[in-house]
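Presented below is the structure to which this report refers.
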Amino acid sequence: MPRIALFKLTSCSGCLNEALLALLEGDVRAKYEVVYFTEALDVEAFERADVALVEGSVTNRHQEELLKTLRSRVDFLVALGTCAVMGGVQALRVEGGVEEAKRAIYPRPELVEAYGEPLPLGAVVKVDYEVPGCPASRDSVLELLRKYALGGLPVAIYESVCAECKRAGVACVVVTKGIPCLGPVTRSSCGAICPRFERGCYGCYGLLEPGLDGGRLRVLSERLRSMGMDNSSYTALMRAYSYRAHKRLAGGSV
Amino acid sequence: MKSTLTLVEGEGSVVIVERDGVVERVYYEVTEAPRFFEYIARGRELQVVVDLLSRVCGLCGVSYALLAAKAFERCLGVEVDEQADRLREALHLAERVKSHALHVFTMNLPEVAGSRSILELSSRNPGVLAKSLELVGAARRLMEALGGRMHNAVNVGVGGVYKPIDLEEARRLSRVIESALKVAIELGSLVLSFEPRFRVESSRPLLSVYSDRGYPHHGSKLLMSGRAYSLSEFYGALARSIQEEHSTALHYRLYGVESYIVGPLARFNNYHHALRKEARELLESHGWSPPVTPGESYVARVAEIVDALVELRELFEEYRPPSRPRAVVEEVVKEPATCEYAVEAPRGVLYGRFVVGSDLKLLNCDLVTPTAQNLAAMGDIATEILRGRPLSEEAVKVAKSVAIAFDPCISCSVHTLRVRIVKLR
């Protein structure tokens, strides 16, 4: 029976709650032994596990060390959710710089240790699988755990939120209502929640990287601007939910 | 000595200060990394702020989104359609059910039943887990219908909701609520039959949102020890944040001295008379009567789950799809407008003060989270129970039980603000 461990770095626990609900499903419960998960299991020490689900990005040295140790003690390491995959909303600190952020909040900023930019897990260790989403959904975690227990993995499907709208029969909010939408460049698997609620996708599953380059992204951003999207909001959404990918497409790296 | 907190949300520890093997003091340390929300929200469009602040907390994101939306509407004088507002209320109540159900049944219940986790407990009693999941599943269904998903709901807009449910869906949800209520009463009965892990009388002031229309959910006034306070009075003059010597976590105390309590315990003890019949009768049938003590907080949570479900039922009975789901925000403020508001998040009073600029972007915000306010009381209560007792495994257990009883939300509490450092020497 695979042993599974769940860890939290810099994040909000939303993905872990979704993962908890996946772990409580009857068939998954019968297939895994949870060995570490402070939120739901009164066990303080971690030795080894076959699978680790890690929520959050790395924002200090302690977390970086923890993640490296973890990597050496698990076979299959999963980046769970947008923070772990891309960096997370905390990446917005890069705009003014973390020192300014510290000064804005703490009277003794020198006591606060925080990296200038949050590191997605992949920038520190090898990641075996990514579950995107802010939050990663229970269903994505379920799919992964069920297939992993069978010795396989979910088939990687690279498509944008547009494909989900089409399949769900949701009329395109851009075309029919003129609402700016990040759906065309955003990774699928949320189920097109925002368009179903008649608002534009704001990209919380992160940029769909394959097939996307800086040029294409610029075309989209210009179109969104022409539809009335505030330029600073566009940049903010990119940084908040796609920090790593956005930076790479702009020619940098995390 | 230091021990990792388990069965709570987020990364924290309990620190027990001992002298010659005897406990002197207990406090709770937050080891979460800061995310600087008050800083990163600055300069953003208001809706971006609403969606961003939802990310402060994986357990109570709706409370944050609602806080920001309501505050902005006040700043800008936006009138929200009554039925649209009702849908946001319903989402907020569904989140309360979700958060309490997860806490009571997956964190608190295993602990009071002497088990290490709900998974372990379920091997002895599979029915409990199945029922708990049914209740959490109902909350999920409600949150998905009203907000789009269980975490980081997308349907809280500045000015209302993006998409209202139709009457048919309201009827379907009423049936979901009806069966959830039955399960909640059944599970509640089980939990109410347990003895608390610790008993301690506390005369600490209890702070909740002030309400003259039933059980408190949100508002612009607070109630503490029978007196009403304005938000600026309370957070401007009474509550002060201090950073203690051993801990990087921020604690709030009245005038920097006395600890106070927020959350289900405070709401329940201040407003139990406003609970609906179903909740009161369930408690009475198990011999519980107000007030409850901190170790018995789960009683307040059970009462709130039942009360919220009955209130949800009422909301849907009278529901008509709104004629204007979301007011368009056009009012441009001539000079920066400051607005404050408070929401009863599952864990207690969540306060926000926002300054909106004339370009309709956020200039500044301050947040005071429920857990940051409870940290001082948690430490004080654990210290009261354990001071003078020998440091033992049992003492550590009690200290951890106090934390679980308060259901701290550590992710929330970490982004601290306006710290005044007091050196204790």
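The values are calculated or read from the model by the stated rules, or taken from the named source; none is laboratory data. Remember, predicted model here, so these are calculated numbers, not experimental data. All Cβ positions, even for glycine, are placed from backbone atoms using ideal geometry, and neighbour counts span all protein chains on display.
At a glance:
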{"item": "Flag for B:Gly214 being at positive phi, among the small types (Gly, Ala, Ser) and surrounded by fewer than 16 Cβ atoms within 10 Å (Cβ to Cβ)", "result": "yes"}
{"item": "Among the residues listed as B:Arg324, B:Arg313, B:Arg301, the single one being in contact with a His (Cβ under 8 Å, 6 or more places away or on another chain) and either surrounded by fewer than 22 Cβ atoms within 10 Å (Cβ to Cβ) or over 21 Å from B:Ala65 (Cα atoms) (or both)", "result": "B:Arg301"}
{"item": "Condition met for B:Val161 (within 29 Å of B:Val402 (Cβ to Cβ) and of a type outside the set (S, T, N, Q))", "result": "no"}
{"item": "Given (1) farther than 27 Å from A:Ser13 by Cβ; (2) in a helix (DSSP H, G or I); (3) not aliphatic (A, V, I, L, M), index of the condition B:Glu134 fails", "result": "(1)"}
{"item": "Lone qualifier among A:Ala240, A:Ala236 - being in contact (Cβ under 8 Å) with a residue 60 or more places away in the chain, in contact with a Phe, Trp or Tyr (Cβ under 9 Å, 6 or more places away or on another chain), part of a helix (DSSP H, G or I) and not aromatic (Phe, Trp, Tyr)", "result": "A:Ala240"}
{"item": "Positions within the range A:195-254 being closer than 22 Å to B:Ile40 by Cβ, loosely packed, with under 13 Cβ neighbours inside 10 Å and hydroxyl-bearing (Ser, Thr, Tyr), in sequence order", "result": "A:Ser253"}
{"item": "Top-ranked residue of the range B:17-38 - restricted to ones that are under 26 Å from the mean Cα position of the chain (by Cα) and assigned to a strand (DSSP E or B), ranked as surrounded by the most Cβ atoms within 10 Å (Cβ to Cβ)", "result": "B:Tyr28"}
{"item": "Number of the condition not met by A:Arg73 [criteria: (1) under 28 Å from A:Cys204 (Cβ atoms); (2) more than 10 Å from chain B (Cβ to nearest Cβ)]", "result": "(1)"}
{"item": "Residue within the range B:68-79 that is crowded, with 24+ Cβ neighbours inside 10 Å, under 16 Å from the mean Cα position of the chain (by Cα) and closer than 20 Å to A:Ile193 by Cα present", "result": "no"}
{"item": "The listed residue being of a type outside the set (Ser, Thr, Tyr) and either in the same structural domain as A:Gly81 (by TED's automatic domain parsing) or surrounded by fewer than 21 Cβ atoms within 10 Å (Cβ to Cβ) (or both), out of A:Ala192, A:Ala163", "result": "A:Ala163"}
{"item": "Top-ranked residue of the range B:80-124 - restricted to ones that are within 22 Å of B:Ser323 (Cβ to Cβ) and basic (Lys, Arg), ranked as farthest from the other protein chains (Cβ to nearest Cβ)", "result": "B:Arg86"}
{"item": "Hits in the range A:81-122 (condition: charged (D, E, K, R), in a loop (DSSP other than H, G, I, E, B) and at the interface with chain B (Cβ under 10 Å from one of its Cβ atoms))", "result": "A:Arg108, A:Glu113"}
{"item": "Entirely in the range B:175-293, the strands (runs of 3 or more DSSP E) that have 2 or more residues that are modelled with pLDDT of 90 or more and small (Gly, Ala, Ser)", "result": "B:227-230"}
{"item": "Residue within the range B:129-145 that is at pLDDT below 85 and not charged (D, E, K, R) present", "result": "no"}
{"item": "Residue check for A:Cys12: modelled with pLDDT under 95 and closer than 20 Å to A:Tyr243 by Cβ", "result": "yes"}
{"item": "Odd one out for B:Phe72 among (1) under 30 Å from A:Glu99 (Cβ atoms); (2) more than 14 Å from chain A (Cβ to nearest Cβ); (3) outside any helix (DSSP H, G or I)", "result": "(3)"}
{"item": "Subset of the range A:39-67 [farther than 11 Å from A:Phe7 by Cα, at the interface with another protein chain (Cβ under 7 Å from one of its Cβ atoms) and in contact with a Leu (Cβ under 7 Å, 6 or more places away or on another chain)]", "result": "A:Ala40, A:Asp42"}
{"item": "Any hit, the range A:127-148, residues being assigned to a loop (DSSP other than H, G, I, E, B), more than 14 Å from chain B (Cβ to nearest Cβ) and modelled with pLDDT of 95 or more", "result": "yes"}
{"item": "Residue that is crowded, with 20+ Cβ neighbours inside 10 Å, more than 22 Å from the chain's Cα centre (by Cα) and of a type outside the set (Val, Ile, Thr), where the choices are A:Leu23, A:Leu41, A:Leu6", "result": "A:Leu41"}
{"item": "Residues satisfying the stated conditions in the range B:159-171, i.e. surrounded by 15 or more Cβ atoms within 10 Å (Cβ to Cβ) and either more than 12 Å from chain A (Cβ to nearest Cβ) or of a type in the set (Gly, Ala, Ser) (or both)", "result": "B:Gly159, B:Gly160, B:Glu169, B:Ala170"}
{"item": "Members of the range B:4-30 that are more than 7 Å from every other protein chain (Cβ to nearest Cβ), of a type in the set (Ser, Thr, Tyr) and in contact (Cβ under 8 Å) with a residue 24 or more places away in the chain", "result": "B:Tyr27, B:Tyr28"}
{"item": "Single residue of the range A:26-38 satisfying the filter (outside any loop (DSSP other than H, G, I, E, B), more than 7 Å from every other protein chain (Cβ to nearest Cβ) and among the hydrophobic types (A, V, I, L, M, F, W, C)) that is farthest from the chain's Cα centre (by Cα)", "result": "A:Ala30"}
{"item": "Single unsatisfied condition, A:Glu65 versus (1) under 23 Å from A:Arg244 (Cα atoms); (2) in a strand (DSSP E or B)", "result": "(2)"}
